[in-house]
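The values are calculated or read from the model by the stated rules, or taken from the named source; none is laboratory data. Computed from a predicted structure; not experimentally measured. Using ideal geometry, Cβ is built from the backbone for each residue, glycine included, and neighbour counts are taken over all protein chains shown.
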Amino acid sequence: MMQSTQQHAASASDDKSGRDIAGHEFLAFTLGKEEYGIDILKVQEIRGYETVTRIANAPEFIKGVVNLRGIIVPIVDMRIKFNLGDPTYDQFTVVIILNIGGRVVGMVVDSVSDVITLSPEQVKPAPEMGTALNTDYLIGLGTIDQRMLILVDIDKLMSSAEMGLIEKMAA
């Protein structure tokens, strides 16, 4: 009897959980020594790095493709894309599978740390200066305690002409 009451109370409270959050949730990941964040709603899944099939004449940052449950997914190494030195592939290397505009794309990062909720006050505009990342693709800088996340607009980045992924995949 008590168990069913607890279940009923839990299901009633679940109706609004996640919808009343004041800020946005970001998946935090590392590239080199920097910590980045992307909108958690764009993330389909997180996988360990596995060998990819290379594609002839693809840009260096496109590592190749993998077959993910029957879907051919292009894999982009963000460390190469952002010129962060020679990438190493170890047990911490992760592929974040993204769903952008109905297209599935994989993004190789050094590691994934956690999901962070940021309120609008915690997000500062990106500075206009020469960085490894074109500031057009930045939402801003998220600050939480002593951490600073570089917030990336993953839609803009992956659908940019420079990446060519979304247009090519749609054609």
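Numbers below:
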item	result
Of the criteria (1) over 15 Å from residue 158 (Cα atoms); (2) part of a loop (DSSP other than H, G, I, E, B), which one residue 121 fails	(2)
Residue identified as surrounded by 16 or more Cβ atoms within 10 Å (Cβ to Cβ), touching a residue at least 40 places away in the same chain (Cβ under 8 Å) and not acidic (Asp, Glu) among 38, 80	38
Whichever residue in region 141-162 is charged (D, E, K, R) and without any contact (Cβ under 8 Å) to a residue 12 or more places away in the chain and, among such residues, is nearest to residue 74 (Cα to Cα)	162
Count of region 25-35 residues which are surrounded by 19 or more Cβ atoms within 10 Å (Cβ to Cβ) and modelled with pLDDT under 95	1
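A quick yes/no check of all residues on (1) in contact with a Leu (Cβ under 8 Å, 6 or more places away or on another chain); (2) touching a residue at least 24 places away in the same chain (Cβ under 8 Å):
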| position | (1), (2) |
| --- | --- |
| 32 | yes, yes |
| 50 | no, yes |
| 63 | no, yes |
| 70 | no, no |
| 73 | no, yes |
| 87 | no, no |
